[in-house]
Amino acid sequence: MRRALELAEKAAGRTSPNPLVGAVIVKNGRVISEGYHKKAGRPHGEIVALRKAGKRARGAQMFVNLEPCCHQGRTPPCTDAIINSGLKEVYVGMRDPNPLVAGKGVRQLKRAGIAVHTGILKPECRHLNEVFIKYIQTGKPFVTLKSALSLDGKIATSTGESQWITGPEARDRVHRMRDRVDAILVGAGTVLKDNPRLTTRLKKGEGCNPARVILDARAEIPLKARVFQRADRDRVIYATTRRASTIRINQLHKAGVLIYVLPEIKNHISLKKLIKLLGQSGISSVLVEGGSGLNAGMLKAGMVDKLVLFLAPKIIGGESAPGVVGGPGIKSLKRALQIKNLTVTPVGADWMVEGYL
């Protein structure tokens, strides 16, 4: 099962909105074939492994991290292929949360006389497909809030300088995170201050560019900003309000930018409405790379699933230097957001702290 998970992870960031699935076929104690789902619309991991095994699959065992599908989607049901292959046993990491499957695949295999064992490395299997689980159960994307900060919690100096708080290894890790998500979300403040490209820049040109989602309630971002470039190739979503002029919207639309005109709540774009629309558009994962204001808004709206903070061994100081989370904050420690399943990993000279809301 660990090997199935390793195989599945090879396609991280490529299968959305499908899950990550790896399969291993074993016969007489030896691995005879392996496979994984490489991209939405392509054969599932079970099918790839079965095709490689051919007739040798008869009487063998399959290990797969997610319950085989039993419905017709872009590809035929995997359960039919497993039954026809003559496999005698199937080991499943976790049941599929998709209502179209949700235990039906396991029952179909059992009815065909195949021995099925479930729950093998279930926590690891759930962690691998945390994005898919959230998206298929709620229709909303899995949201990760990422920030780089000093040991005293500052994301910039009092003059606004923030490049670079962390080292090259941490920045490389962020680009790998971008490569795995469907979209990056930033606010107008970040664009006006840094004029970022929000692209994935890895060695040897590897990596895919996620969609860029730009919040601009006051319609103040210059039309020449780099986030709007290549909108005809890479998906760019501009979330604004009725304050944006028709001229601006038409200009961005002609450049290939998708426009969301959203309602306002206390002079701020409705983040709940935005996240809902992103899910409806097929975006299953979002990486928030905004400033303290957007971070505060996302946390207050309850839209954040995971937190990733890169801590640099530096002290910045300054009462006016911004922290990770802006806004008025809480008045009582009882209302503080609790982070669970915390892990700390060294990344170069910095530390990556991960946890879940």
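Out of the residues in the range 200-220 that are under 15 Å from the mean Cα position of the chain (by Cα) and in a loop (DSSP other than H, G, I, E, B), which is modelled with the highest pLDDT?
Start the filter on the range 200-220 by keeping residues that are under 15 Å from the mean Cα position of the chain (by Cα), which leaves 200, 207-213.
Now drop any that are not in a loop (DSSP other than H, G, I, E, B), which leaves 200, 207-210.
Working: THR200: 87, GLY207: 83, CYS208: 87, ASN209: 90, PRO210: 94.
Here the residue is PRO210.
Checking each residue in the range 78-130 for being more than 30 Å from PRO141 (Cα to Cα) and of a type in the set (Asp, Glu) picks out ASP80, GLU89. Exactly one residue out of ALA211, ALA255, ALA239 is farther than 30 Å from ALA170 by Cβ and touching a helix residue (DSSP H, G or I) at 6+ places or on another chain (Cβ under 9 Å): that is ALA255. Inside the range 71-118, residues that are out of contact with any strand residue (DSSP E or B) (no Cβ under 7 Å at 6 or more places or on another chain) and not in a helix (DSSP H, G or I) make up a count of 17. Filtering the range 220-269 to residues that are among the hydrophobic types (A, V, I, L, M, F, W, C), more than 26 Å from ARG178 (Cβ to Cβ) and open to solvent by less than 90 Å² (accessible area, probe 1.4 Å) leaves ALA244, ILE249, VAL261. Taken together, the residues in the range 54-74 that are out of contact with any helix residue (DSSP H, G or I) (no Cβ under 6 Å at 6 or more places or on another chain), open to solvent by less than 20 Å² (accessible area, probe 1.4 Å) and either polar (S, T, N, Q) or without any contact (Cβ under 8 Å) to a residue 60 or more places away in the chain (or both) amount to 2. Restricting attention to the range 17-38, the residues that are touching a strand residue (DSSP E or B) at 6+ places or on another chain (Cβ under 9 Å) and part of a strand (DSSP E or B) total 12. Whether any residue in the range 121-139 is within 16 Å of the chain's Cα centre (by Cα), surrounded by fewer than 20 Cβ atoms within 10 Å (Cβ to Cβ) and not in a helix (DSSP H, G or I) is what I want to check. Scanning the range 121-139 turns up at least one residue that is within 16 Å of the chain's Cα centre (by Cα), surrounded by fewer than 20 Cβ atoms within 10 Å (Cβ to Cβ) and not in a helix (DSSP H, G or I).
Taking the condition of being outside any loop (DSSP other than H, G, I, E, B) and modelled with pLDDT of 95 or more, how many residues in the range 276-293 meet it?
9
Going by the structure shown, is LEU7 modelled with pLDDT of 95 or more, open to solvent by less than 30 Å² (accessible area, probe 1.4 Å), not in a loop (DSSP other than H, G, I, E, B) and not hydroxyl-bearing (Ser, Thr, Tyr)? For LEU7, the condition - modelled with pLDDT of 95 or more, open to solvent by less than 30 Å² (accessible area, probe 1.4 Å), not in a loop (DSSP other than H, G, I, E, B) and not hydroxyl-bearing (Ser, Thr, Tyr) - is met.
The values are calculated or read from the model by the stated rules, or taken from the named source; none is laboratory data. Everything numeric in this text was worked out from a predicted model, so none of it was measured. We place every Cβ from the backbone using ideal geometry, glycine too, and count neighbours over all the protein chains shown. These accessible areas exclude ligands, DNA and RNA; they are computed on the full protein's heavy atoms, side chains included. Shrake-Rupley method; radii C 1.70, N 1.55, O 1.52, S 1.80 Å.
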